[in-house]
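**Q** One structure, pasted below without further comment.
The values are calculated or read from the model by the stated rules, or taken from the named source; none is laboratory data. Worth saying up front: this structure is predicted, and the values here are computed from it rather than measured. In this analysis, Cβ positions are derived from the backbone assuming ideal geometry, glycine residues included, and neighbour counts consider all displayed protein chains. Quick note on the areas: whole protein, heavy atoms, side chains included, nothing else; ligands and nucleic acids left out. Shrake-Rupley method; radii C 1.70, N 1.55, O 1.52, S 1.80 Å.
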Amino acid sequence: MAKIKHNNFLDTVDDVISNAKMAGVLHLYAEGKEFTGRKIRVNGKDLFHFGTTGYLGLEQDERLKNAAISAIHRYGTQFPLSKSYISHPLYRELEEKIFQMYNNPIIITKNSTLGHMAVIPCIVRDEDGVILDHQVHWSVQNAAQILRTRGIPVEMIRHNNLEMLEDKIKILSSKCNKVWYMADGIYSMYGDFAPIAELVELSKKYPQLHLYFDDVHGMSWKGKNGTGYVMDVLNELPENVLLIGTLSKTFGASGAVVVCSNKSLHSKIKNFGGPLTFSAQLEPASVAAATASAYIHLSPEIYELQNELSDKINYFNLLLKNTDLPLVECNNSPVFFIGTGMPVTGYRFVQRLMKEGFYVNLGLFPAVPVKNTGVRITISRHNKRREIKKLVEAMVHHFPLALEETNTSNNRVRRAFNLSEVKGQNIERKEDLIVQYEKSIGMVNKEEWNKLMGRRSTFDWEGLTFLEEVFKEQEKHENNWSFHYFVIRDKNSQPILATFFTYSLWKDDMLAPASVSAKLEEKRKENPYFLTSYVLSMGCLFTEGEHLFMDRSHPSIKKALSMLHHELEVLEKKLKTKMLVFRDFQPDNYLNEILHEQGFFKVNMPDSCVYDNFSWNTVDDYIATLSSRSRRHFMKDIRPYEEMFDITFEESPKQIDLDIFYDLYLNVKNNNKGLNTFTFPKNLFEQMVKNRNWEFIVLRLKKKFASTRTAKPVGVMFCYKNLNHTYVPNYIGLDYRYTEEFQIYRQLLFQTIKRTKTIKFHKVDFGMTASFEKKKVGATVKPQTSYVQTRENYSIEMLELLPN
C-alpha cells in the first residue's frame with residue numbers, strides 16, 4: 001500500500017516563507033528610537049507606512065499612551081492572576097464601557113485567537129455541527145479543529161458561496177441540533193465583506209442556523225460607537241449571532257471582546273472558556289489604554305475619525321480606478337489587494353515599492369492560495385493624500401516592470417483572480433523560444449520524442465499512441481482523457497524542454513490517508529463522482545516517472561519553464577480545470593525554487609523503485625547481489641515457492657484468462673486506497689492483447705497446491721516493453737486467497753526481474769508504492785515529489801474529510 005507523507009502543508013508554508021525571507025520582503029525588523037505611524041524605518045530607510053492594521057491611528061493617540069503609562073506606574077507591568085479568581089481594578093470600568101458600546105453582554109479576552117479558543121468549544125455542543133467559510137481567519141479554523149475530537153462535524157464551503165452553504169445546512173440540519181456558520185465580517189487579505197444580510201435571511205429560513213463572526217478588521221472604523229462592520233449591518237445583535245471584536249488593531253490597545261446577546265450562553269462562556277480560566281488577564285497598561293479608547297468610541301469623535309479615514313479610502317479608490325492595476329476587490333474597506341499571481345512577481349513588486357519609499361505587505365500562502373499572491377495595502381489616518389497619490393504613481397510605474405522581470409503579464413494575473421482583462425496587457429517576453437503544442441503524439445516527431453522521453457516508463461512514442469487509443473470514446477467520464485504535448489525549442493530549433501499533460505477526472509482524495517478514501521468510497525456507492533475534479537496533470541494516471549525533459553545546461557531553461565507555465569494557464573482556463581499538477585520528480589532544489597516562485601506547492605509522493613543491476617547471469621549470482629537481509633528474505637519467501645507455480649509469459653491470452661486477469665486487477669485496485677484512483681476500463685487490458693509491446697507474466701498454482709485443484713491464474717503482472725529496453729510492470733493482479741500462503745506478490749516481483757534479464761532489457765521501472773517489498777528484491781528506492789497549483793490555499797474537501 002502507498003505510504004503517503006502528510007506533512008506537505010507545513011513543508012509548503014516553510015518553503016514559501018523562507019523564499020520570501022530570502023527576497024527581503026518578510027520577517028523584517030522595524031528600526032528607530034520612535035514610531036509615529038506615518039513612516040516606518042526598514043534597513044535604515046524611512047518608508048511611508050501602508051501596512052498597518054491600526055486604521056484610525058489610535059495606537060498613537062496621546063490619551064491612550066498616557067493612560068497606559070499611568071497604569072504601569074500605579075499597578076505595575078502585569079496582574080498575574082486568572083480572572084476566574086479576581087480581576088484587575090481597572091477591568092470593571094473597561095467592561096462597563098465596552099458594554100455601553102454594544103449594549104449587550106460582553107467578555108474581554110487576552111486576544112482574538114485565545115478568544116476563539118475559549119468561545120468555540122463552549123458554544124458548540126456535541127449534538128451541533130459547524131460550517132467554516134474557506135477564507136475565515138486561521139484562528140477560527142484552528143479553534144474549530146478541537147471540535148473534531150468530540151465527534152462534531154466540521155465542514156467547509158467555498159468563500160461566500162451561499163448556495164454551497166445552504167446545501168451543507170440541509171445536510172447537517174437532519175442530524176444536528178444547531179448549525180454554526182463561522183466567517184469573518186471583513187476578510188483580512190482582500191478586504192471583502194461577508195454577506196451579512198443574506199446570512200441573516202438564511203437563518204430565518206433555517207432556524208437551526210447560528211452565525212459566528214470574527215469582525216476584528218471591521219472594528220472601530222465602521223458602525224455605531226465603532227462597533228464594527230457586522231453591527232453596522234445588523235443594528236441589533238440577534239440571539240443566534242455571536243461576535244468577536246478586537247481591542248487591538250484599529251481600537252488602539254490590546255485584547256479582544258466577545259459579544260453575546262444570549263445571557264445563558266454568555267454565562268457559560270464566562271464561567272469556563274478554557275483560556276479565560278487558565279490564561280493570564282490583560283496587563284494594566286493594555287486595560288487602561290483600551291478604556292481610554294472606549295471613551296473615544298462612545299463620543300462623537302469616533303465619527304469624525306471614521307469620516308476622515310473614509311475620505312482617504314475613497315481617494316485611494318478614485319486613484320486606483322484610473323489605473324490598470326489588478327485590484328482584486330473594490331469596496332470601501334481600508335484593505336486593498338493588488339494581485340501579482342506568482343509569488344516571485346509579488347517579491348519583485350514589493351522590493352521595488354520599498355526602494356521607492358513605500359512599505360506594503362506581501363499577501364501570500366497560506367493566507368491566500370499560492371497562485372493568488374499579491375500586495376496588501378492598508379489605508380490609515382496616518383497617511384496623507386499626497387503620499388497616497390505618490391504610492392499609486394509608484395505602483396503604476398513599477399507593476400509592469402515587476403511583470404516584465406518575471407515574464408508575466410497583467411492579463412495573466414487577472415486570469416488568476418478571475419478579473420476582467422484589459423486590452424494590450426498580454427505582452428510577455430518570449431526570448432526567441434518556440435513552442436510546439438500538439439493534441440496527439442502522432443503530430444510529434446517520433447525519433448525526437450523517443451530520444452528525449454522514450455527511456456521512461458510507458459510514455460515513449462508507441463506507449464502514448466496506445467494510451468491515446470484506449471482513453472477515448474469510453475462510456476465513463478473518468479476514462480476519457482485529452483492529451484497535450486509541449487516541446488519548447490530555442491531559435492536554433494534545439495529542444496530545451498519536452499513533456500505531456502492530460503486532462504482527466506481525478507478523485508480529490510487520491511493522496512489522502514487510506515482511511516479517508518475508505519469513507520469516501522462508501523459515499524461514492526450512491527454518487528460515483530462525489531468529490532471529484534478535472535485536473536490538468538503532467539503525465540497521466542496510467543504512467544509514472546519523471547515526465548519532463550529539461551536541458552538544464554541551456555541558458556534559457558528557466559524562461560522555457562515559465563513559458564510552459566503560461567501555456568498551461570491558457571489551457572487551464574479553456575478546460576476549466578481545478579488543479580494543475582507537475583508530477584513525479586526526484587528532490588530537486590533548483591526546480592523546487594522555480595515552481596514555488598510560479599505559485600506551486602510541493603506534495604510528497606510514494607517512493608519510486610527501479611532495478612537495473614543486471615551484472616549477474618544465474619539466479620545464484622543474482623542472490624549474491626542482494627544484501628544479507630534480502631538474501632534471507634529471498635531464500636525464505638521466494639525461492640521455495642517458485643516450483644509451486646506454472647509461470648508463463650503471454651502476449652495473447654485467451655478471453656477467459658483475460659477475464660480472470662481483470663478480476664485479479666480489480667482485487668488489488670479495490671484493496672488499495674493508499675493511492676486512490678478510478679478503476680481502469682476492461683477495454684484497456686483487451687487492447688494490451690492487441691499491442692505487441694505488452695505481455696503478461698502469469699502465475700498459476702499447480703493443481704496439487706490449489707484448493708480448487710485447477711490451474712487458474714492467481715497472479716498476473718501487466719508489463720510494457722519500452723523500445724529503449726526498459727521493462728515496465730505497470731499493474732498487478734492478485735488472488736488474495738493465496739497471496740499470503742504462497743507469497744504471490746513477491747514471486748511476481750522476482751519473475752519480473754528474471755524476465756527482464758531473459759529478454760536482455762536493461763532496467764525494470766517498478767514505479768511507485770510497495771517500495772519496502774521492491775527493495776527486498778534489489779530495487780533502488782527513490783523519493784518522489786510533485787507540485788500542485790490550485791485556486792484554493794488548501795483543499796477544502798480534505799479538511800472536511802479528516803476523521804471526526
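**Q** Taking amide H positions as placed 1.01 Å from N in the peptide plane, with prolines and chain starts having none, which residues 5 or more places from S220, or on another chain, fall under 5 Å of its amide H?
**A** When sequence neighbours closer than 5 places are left aside, the close amide H contacts are T227, G228.
**Q** Leaving out ligands and nucleic acids, and using a 1.4 Å probe, what accessible area per residue does the chain come to in Å²? Don't jump to the answer; show the numbers that get you there.
**A** On the way: 33640 Å² over 804 residues.
Per residue, the chain has 42 Å² of solvent-accessible surface.
**Q** With θ set to phi - 60°, apply the Karplus curve 6.51 cos²θ - 1.76 cosθ + 1.60 along segment 19-31 and write out the HN-Hα couplings as whole Hz, x wherever there is a Gly or Pro.
**A** Using θ = phi - 60°, the values come out as 5, 5, 4, 5, 7, x, 10, 8, 6, 8, 10, 6, 10 Hz.
**Q** Follow-up question, since we're still on this one. Only loop residues by DSSP count here, and only those with at most 15 other Cβ atoms within 10 Å; note down the chymotrypsin sites (Phe, Trp or Tyr not before Pro) in segment 110-186 that meet that.
**A** Filter output for segment 110-186: empty list.
**Q** Which residues' amide hydrogens lie under 5 Å from the amide hydrogen of T458, considering only partners 5 or more residues apart or on another chain, with H built in the peptide plane?
**A** For T458, whose amide H was placed from the backbone, the distant partners under 5 Å are E544.
**Q** Round to the nearest 10 and give me the degree value, 0 to 90, for the angle of helix 557-575's Cα axis relative to the longest principal axis of the chain.
**A** Helix 557-575 sits at roughly 80 degrees to that axis.
**Q** Compute the Rg/Rh shape ratio of segment 499-591: radius of gyration over Kirkwood radius, all on alpha-carbon atoms.
**A** Looking at segment 499-591, the ratio lands at 1.06.
**Q** Which of the pairs K170/K249; K507/K782; K439/K578 have their Cα atoms more than 29 Å apart in this structure?
**A** K170/K249
**Q** Quick one: 3J(HN,Hα) in Hz for segment 727-737, Karplus 6.51/-1.76/1.60 with θ = phi - 60°, rounded, Gly and Pro as x.
**A** 9, 10, x, 5, 9, 9, x, 9, 9, 5, 5
**Q** D for the chain, whole µm²/s, Stokes-Einstein with Kirkwood Rh over alpha-carbon pairs at 20 °C and 1.002 mPa s: what number?
**A** Here the translational diffusion coefficient equals 72 µm²/s.
**Q** Per DSSP H run of n ≥ 4, the term is -39500 (n - 2.57); total these for the chain, divide by its residue number, and report the mean residue ellipticity at 222 nm rounded to 500 deg cm²/dmol.
**A** -12000 deg cm²/dmol
**Q** Taking Cα atoms, how many degrees apart are the long axis of helix 162-173 and the longest axis of the chain, rounded to 10 and kept between 0 and 90?
**A** 80 degrees
**Q** Let me ask something additional. Which semi-axis lengths, in whole Å and largest first, follow from the square roots of five times the eigenvalues of the Cα gyration tensor of segment 144-247?
**A** They are 24, 15, 13 Å, listed from largest to smallest.
**Q** By the gyration tensor of its Cα atoms, with a ≥ b ≥ c the square roots of the eigenvalues, what is the shape of segment 50-99: rounded for a/c under 1.5, prolate for a/b over b/c, or oblate?
**A** The shape class here is prolate.
**Q** Would you please give the residues with an amide H less than 5 Å from that of G51, counting only those at least 5 places away or on a separate chain, with H modeled from the backbone geometry?
**A** Answer set, sorted by chain and number: T378.
**Q** Counting other Cβ atoms within 10 Å of each Cβ, which GluC sites (Glu not before Pro) in segment 628-685 have at most 10 and sit in a DSSP loop?
**A** Numbers: sites: E642, E643, E650, E651; in loops: E643, E651.
Filter output for segment 628-685: E643.
**Q** Over the chain, what is the mean sequence separation of C-alpha contacts under 8 Å (at least six apart), divided by residue count, expressed as relative contact order in percent?
**A** Taking the mean separation of contacting Cα pairs over the length of the chain, I get 14 percent.
**Q** Once the principal axes of the Cα atoms of segment 253-352 are found, what is the range along each, listed largest first in whole angstroms?
**A** Its Cα atoms span 53, 37, 30 Å along the three principal axes.
**Q** Which whole-number percent is the relative contact order of segment 446-519 (Cα, under 8 Å, 6+ apart)?
**A** Relative contact order comes out at 20 percent.
**Q** Let me ask you something else. Using only the alpha-carbon atoms, how far is helix 284-297 inclined from the longest principal axis of the chain? Give it as 0 to 90 degrees, nearest 10.
**A** For 284-297 against the chain, the angle is about 70 degrees.
**Q** Further question: Let me check I've understood the local charge: for Q306, count other residues with C-beta under 14 angstrom from its C-beta, Lys and Arg +1, Asp and Glu -1. What total comes out?
**A** Residues near Q306 contribute -1 overall.
**Q** Using θ = phi - 60° and the Karplus relation 6.51 cos²θ - 1.76 cosθ + 1.60, list the HN-Hα couplings for segment 634-650 in order, rounded to whole Hz, with x at every Gly or Pro.
**A** 5, 5, 8, 10, 10, 4, x, 8, 4, 6, 7, 10, 8, 10, 10, 10, 10
**Q** Hey, any idea what Rg/Rh is for segment 1-97, computing Rh the Kirkwood way over Cα pairs? Can you show the working numbers first?
**A** Numbers: Rg = 21.4 Å, Rh = 18.4 Å.
Ratio of gyration radius to Kirkwood radius: 1.16.
**Q** With all protein chains present, how much of the accessible area of the chain (probe radius 1.4 Å) comes from carbon and sulfur, to the nearest whole percent?
**A** 50 percent
**Q** Could you report the accessible area of H477 in Å², rounded to 10, computed with a 1.4 Å probe on the protein chains as they sit in the structure?
**A** Rounded to the nearest 10, the figure is 110 Å².
**Q** Further, regarding this structure: Can you list the aspartates and glutamates whose alpha carbon is less than 19 Å from that of K389, not counting same-chain residues fewer than 8 positions off?
**A** Those aspartates and glutamates meeting the cut-off are D46, E308, D311, D324, E356.
**Q** Oh, and also: Using unit Cβ charges (K, R positive; D, E negative) and no other charged atoms, how large, in debye to the nearest 20, is the dipole of the chain about its Cα centre?
**A** Dipole about the Cα centre, nearest 20: 1120 debye.
**Q** Could you tell me whether segment 652-780 comes out rounded, prolate or oblate from its Cα gyration tensor? Rule is a ≥ b ≥ c as square roots of the eigenvalues, rounded for a/c under 1.5, then prolate if a/b exceeds b/c, otherwise oblate.
**A** rounded
**Q** What is the calculated FRET efficiency for D612 to K704, with r their C-beta to C-beta distance and R₀ = 41 Å, to the nearest 0.05?
**A** Result of the calculation: an efficiency of 0.65.
**Q** Identify the trypsin sites (Lys or Arg not before Pro) of segment 646-751 meeting these criteria: DSSP loop state and at most 16 other C-beta atoms within 10 Å of the C-beta.
**A** Those satisfying the criteria are K654, R692, K702, K703, K704, R709, R737.
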